[in-house]
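Scroll down for the structure; my scribbles are underneath it.
The values are calculated or read from the model by the stated rules, or taken from the named source; none is laboratory data. All values derive from a computational prediction rather than experimental measurement. FYI the Cβ positions are ideal-geometry reconstructions off the backbone, even for glycines, and counts take in every protein chain you see. Note: areas computed on protein heavy atoms with side chains; ligands, DNA, RNA excluded. Shrake-Rupley method; radii C 1.70, N 1.55, O 1.52, S 1.80 Å.
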Amino acid sequence: MKTKTPAIPYIVWMGIFVVIPLILIVIYAFTNFDGHFTLDNFSNIDVFLQVFGNSLWLALIATVICLLIAYPFAYLLAQEGPVFRKIAMLFIMLPMWMNFLLRTYAWMSILENNGFLNQFLGLFGIGPLHLINTDGAVVLGMVYNFLPFMILPIFSVIDKLDKRYIEAAQDLGANRRETFRRVIFPLSLPGVLSGIMMVFIPSISTFAISKLLGGGMSFLLGDLIEMQFLGAAYNPHLGSAIALMMLALVVIAMLIMNRFGDGEEGAVVM
Amino acid sequence: MKKIFSVFLALLLVFPLFACGKKEENVVNVYNWGEYIDESIFDDFEEQTGIRVNYKTFASNEMLYSSLKSGGSSYDVIIPSDYMAARMVEENMLLPLDYSQIPNMANLDAQYLNLEYDPQQLYTVPYMWGVTGIIYNTTMVDHPITSWMDLFTTDLTGQVLMFDNPRDCIGIALKALGYSFNTTSEDEITEAANLLIDQKEKGIVQAYVMDQIFDKMINNEAAIGTYYAGDYITMSEENPDLAFCIPSEGANLFVDAMCVPTVCENYDNAMAFINFMCSDDVVLRNCEETGYSTPSATALEQMDEEVSGNPVAYPASDILDNCETYGGLPSSTLSFYDHEWIRICLAKVKVH
């Protein structure tokens, strides 16, 4: 009893801002404008399958790229001294002090046909390349914005690894590659799994990035949901149903990930 | 002690939720489009009347509609466009205005009153009007632009910016095909959507944008796009190569109107604000700032002839007669718009 009291503010917070909104989404998803129970909102979901596929695919690519960049970076960073680490961390966090939309706008002026990048390449007689308003630009936006969420959990897990395991492996005759493959990597999996979740979930639900960098040429789940609230036909019921489907998709993805992480202690978000 | 602290913290977290509901004395809550007013007039209004203006902006009619529909917000004056005002009247979301408190209404030109969105002139006072049209860069387009169909030709591949909302974007294709903006025929809407899909698949469209068009046209990023006449005037100040065309098929003539929603809490202040907005000095300052056109006859007389004689801001009456306003559409048609819009959004570029 004594230990529970300090938790009250958090429970109140979660209740108001997590549980109640979730219940509202479920209620909206299963009702129509007259407030009657209905499953209609889910009946034409097949129309949106292509949107689900699109979003899943782009979010997956962004997550894999983030992982490929972040893991070696986090691994190398964990070997460095405290001063270097502090500076590196500062540089990872620095862009996040700026507004997310501003950063995405900045990419717009970099990638445009007359943008900085094409002007620079033009000096060497290359291009102009068609960069903006493509799926590639959307993935780039996701990777850029969400990369820190992959680096930080992986770094903190590798950093806290008990060095005695590595010494033991070396004592038992493992070379560097084997130590990494059989000791360090398996032990860092919880960090990798949280990183994947923290990149995958915002990637699959983003809509600002696809609007600004995709120029409306690629249409994602976030756009679809936004459209139900701000499109020509105001339909929060259908919007909630799609949001609920997306939630289910994310939960399934998390359950699958958790299976991979079985046996490792659950640093995973769930 | 710990317990008291925790409860206090919990209350602290919840408190802001109720604090929002606290009523402030003598304010008027105004909800308007972004960049659509000269904000310095608020100080003058407060000086004259003692009423403080709480000002917020929205980016689309649909955003305004959904924030009123979802509740929780209280606005005293809102400025939707004609078709949205019509929808709100139909759904009983607006209060009738007390015109006896708006004497400056007499300044307005009668041709902007009693329009189809408010035939009896009970709920609205027109604020600004304008037309949509084609903005193009004369250094990048080598033939004269006269028709909406010019947006669908392959010689402008990768250079066309289209509206990023279903009503305007599909509306343009409807007009290009010779149909009405207000058609409820699903066949016509489908035909228009197919035209847009074909345009996208051929790679003619560069992007679907709203206010991002400012940067893209000013920086020569695209050769041609569709937007509002008032915003063209703003853009052409930055990039003199830009030109504007009202296509021969006719464009959208829109009127944005000041209304009072049913959630209004300061009705008399709202009337005072609307009246203030119709006074000549304020109209002139707002026109100067935004580039849009005023329905006020008395203000137009005082306006610099360079502005009032500008055919983009004040087109000749035969061109205006050829334009069409958006009417309210039944919800089944609006759903169909969304359905077709998703088809357009999902189409992939096939050549590049």
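Just a few scattered comments:
- For region A:199-205, Karplus couplings with θ = phi - 60° (6.51, -1.76, 1.60), whole Hz, Gly/Pro x: 9, 5, 5, x, 5, 6, 10
- Helix-only mean residue ellipticity at 222 nm for the protein assembly as shown, each DSSP H run of n ≥ 4 adding -39500 (n - 2.57), per residue, nearest 500: -16000 deg cm²/dmol
- Note, ³J(HN,Hα) from phi for region A:184-193, Karplus 6.51, -1.76, 1.60, rounded to Hz, x at Gly and Pro: 5, 4, x, 6, 8, 3, x, x, 4, 5
- Two-decimal log10 I(q)/I(0) for region B:224-289, as the Debye equation yields it once each C-alpha is a single scatterer, q = 0.14, 0.18, 0.22 Å⁻¹: -0.67, -0.87, -1.01
- Cα-based convex hull volume of chain A per residue, rounded to whole Å³: 203
- Check: region B:143-210 dipole with +1 on Lys, Arg Cβ and -1 on Asp, Glu Cβ, in debye: 180
- Convex hull volume of the Cα atoms of region B:19-140, normalised per residue: 178 Å³.
- Of the residues making up region B:204-221, those losing 50 Å² or more of accessible area when the isolated chain is joined by the remaining protein chains, with a 1.4 Å probe, are B:206, B:212, B:216, B:221.
- Residue range of chain A that is longest and free of GluC sites (Glu not before Pro) which are both DSSP loop and sparsely packed (at most 16 other C-beta within 10 Å): A:81-264
- Given charges at Cβ of Lys, Arg, Asp, Glu: chain B dipole, positive-most of B:99, B:273, B:207: B:207
- Sites matching chymotrypsin sites (Phe, Trp or Tyr not before Pro) across region A:124-162 that sit in DSSP coil, with at most 10 neighbouring C-beta atoms within 10 Å: A:124
- Those chymotrypsin sites (Phe, Trp or Tyr not before Pro) in region A:16-113 that DSSP places in a loop and that have at most 12 other beta carbons within 10 Å: A:33
- Gain on full extension, evaluated as 0.36 nm per residue between residue B:149 and residue B:262 minus their Cα-Cα distance, stands at 36.5 nm.
- Rounded to the nearest 20 debye, dipole of chain A from Cβ charges on Lys, Arg, Asp, Glu: 800
- Within the accessible surface of chain A, defined with a 1.4 Å probe on protein heavy atoms only, the carbon and sulfur portion equals 71 percent.
- Cβ-based net charge around residue B:270, under 12 Å, with every Lys or Arg adding one and every Asp or Glu removing one: -4
- Rg/Rh ratio calculated on Cα atoms of chain B (Kirkwood radius): 1.02
- Rg/Rh for region A:77-176 stands at 1.17; both radii use Cα atoms, and Rh follows the Kirkwood definition.
- For region A:1-49: Kirkwood Rh in Å [reciprocal of mean 1/r, alpha carbons]: 13.4
- Members of A:211/B:202; B:56/B:348; A:211/B:56 lying beyond 30 Å, as alpha-carbon distances in this model show: B:56/B:348
- Looking at the protein assembly as shown, the accessible area is 48 square angstrom per residue; that uses a 1.4 Å probe and ignores ligands, DNA and RNA.
- Annotation: amide H of residue B:58 within the under-5 Å range of B:32, B:33, B:34, sequence separation 5 or more or interchain, hydrogens built in the peptide plane.
- For the pair A and B, the buried accessible area comes to roughly 3300 Å² in total, with a 1.4 Å probe and the value rounded to the nearest 100.
- The radius of gyration of the Cα set in the protein assembly as shown, together with its Dmax, comes out at 28.1, 95 angstrom.
- Under 16 Å from residue B:216, Cα to Cα: aspartates and glutamates that are on another chain or at least 8 residues apart: A:112, B:164, B:231, B:237, B:238, B:241
- Taking the Cα centre of chain B as reference, the dipole from Cβ charges on Lys and Arg (+1) and Asp and Glu (-1) amounts to some 1840 debye.
- Along the axis of the charge dipole computed for region A:48-234 (Cβ charges of +1 for Lys and Arg, -1 for Asp and Glu, origin at the Cα centre), the listed residues A:101, A:156, A:136 are led at the positive end by A:156.
- Remark: region A:139-156, residue by residue, has Karplus-estimated 3J(HN,Hα) of 4, 4, x, 5, 4, 4, 6, 10, 3, x, 5, 8, 5, 4, x, 5, 4, 5 Hz, where x stands for each Gly or Pro and the curve is 6.51 cos²θ - 1.76 cosθ + 1.60 at θ = phi - 60°.
- The region of chain A that goes longest without hitting one of the trypsin sites (Lys or Arg not before Pro) in a DSSP loop, each with at most 15 other Cβ atoms within 10 Å, is A:5-159.
- Chain-alone versus full-assembly comparison, region A:1-31, residues with accessible loss of at least 20 Å² (1.4 Å probe): A:5, A:6, A:8, A:9, A:12, A:13, A:16, A:17
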